[in-house]
Amino acid sequence: MIMNGKKGLIIGVANNKSIAYGIAKQCAAQGAQMAFTYLSERFQKKVEPLAAECGSSLCYELDASNPEHIVALKENIARDFGEIDFIVHSIAFAPKEGLSGRFCDISKEAFNVSMEISVYSLIEITGALKPLLSKNSSILTLSYYGGVKYIPNYNLMGVAKAALEMTVKYLAEDLGQDGIRVNAISAGPIKTLAASGIGDFNFMLKWNGAHSPLKRNVSIEEVGNSGMYLLSDLSSAVTGEIHYVDSGYNIMGMPAVKFDEDGKPTIAWNGEK
């Protein structure tokens, strides 16, 4: 199996709809051993059964804004694994005001919180766990097309994802000398807990499904397969990349619209109407 003998940390599973869970499942199917984190006691009861599905009983509390949690995370990983071969970073947050209303009205507090949780946490966690990372290890985070182009209602998270993608590139260069690879997956829209906070998300799903080359949306299993590849030795020469898993939506400059006999535009979509 591709991940046989690999040990890793999965950060950001909230429920069985989480992209991080999709990645963990595919890694487990290929033989990886993993530890998981949960945000708070509220999520602990949800994460522990999902970890068990992946053959793990190791679950640690991690609020990325709490330095004590990061210190404890390092101690727990050192105790339970000694060293690890990969990290999945799948945490992001923006206050409600950052996902609605006028962009120019976003407060400094909301901006700072979003950047701390969504971006700096990758730097901080990487720095803390770097002594425990094996040679030729891999770090993977999750982005979205809203960090490259304007997406309605994505607002502050778009700025955070843009910063996250550049963080991936700078970390990739910095850690390359240590044999550590850093990449991101930019997944198409998926109905996750985080997505529920984005206004008109169902329309976003339909739009992406209708206008992507494959005329459908993606699943957490498909993103999971790509994540497993980027965490495995199959991608040993790949670093600093933003890998799109979005049915090709990111290549489109404008919708490929067809017209009916009356000259009215029609939209073809293989997904749910």
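The values are calculated or read from the model by the stated rules, or taken from the named source; none is laboratory data. Here the structure is a predicted model, which is why all the values come from computation and not from measurement. Ideal geometry is used to build each Cβ from the backbone, glycine not excepted, and the neighbour counts take in all protein chains shown.
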Pairs, please: C-beta under 6 Å, at least 6 apart or cross-chain, first residue at positive phi and in segment 246-263, second among the charged types (D, E, K, R)?
S247/R216
Could you list all residues from segment 174-200 that are buried (at least 20 other Cβ atoms within 10 Å of the Cβ), small (G, A, S) and either in contact with a strand residue (DSSP E or B) (Cβ under 7 Å, 6 or more places away or on another chain) or modelled with pLDDT of 90 or more (or both)?
A184, S186, A187, G188
Lone unmet requirement of (1) within 30 Å of A237 (Cα to Cα); (2) surrounded by fewer than 16 Cβ atoms within 10 Å (Cβ to Cβ) for F103:
(1)
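Of these, S138, S134, which one is touching a residue at least 12 places away in the same chain (Cβ under 8 Å), among the hydroxyl-bearing types (S, T, Y) and surrounded by fewer than 19 Cβ atoms within 10 Å (Cβ to Cβ)?
S134
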Scan segment 67-85 for residues that are free of Cβ contacts under 8 Å to residues at least 12 places away in the same chain and either closer than 18 Å to V13 by Cβ or buried (at least 19 other Cβ atoms within 10 Å of the Cβ) (or both) and report the count.
1
Can you name the helices (runs of 4 or more DSSP H) wholly within segment 31-129 that have at least 3 residues being under 20 Å from the mean Cα position of the chain (by Cα)?
41-53, 108-115, 121-129
Return the pair list, or none, for Cβ contacts closer than 8 Å from residues in segment 159-173 that are surrounded by fewer than 19 Cβ atoms within 10 Å (Cβ to Cβ) to residues that are in a helix (DSSP H, G or I) and of a type in the set (V, I, T), at least 6 apart or on different chains.
A163/V119
Candidates S18, S57, filtered to the one that is of a type in the set (S, T, N, Q) and crowded, with 21+ Cβ neighbours inside 10 Å:
S18
Does any residue of segment 177-184 turn out to be without any contact (Cβ under 8 Å) to a residue 60 or more places away in the chain, within 16 Å of N250 (Cβ to Cβ), of a type in the set (G, A, S) and outside any helix (DSSP H, G or I)?
yes
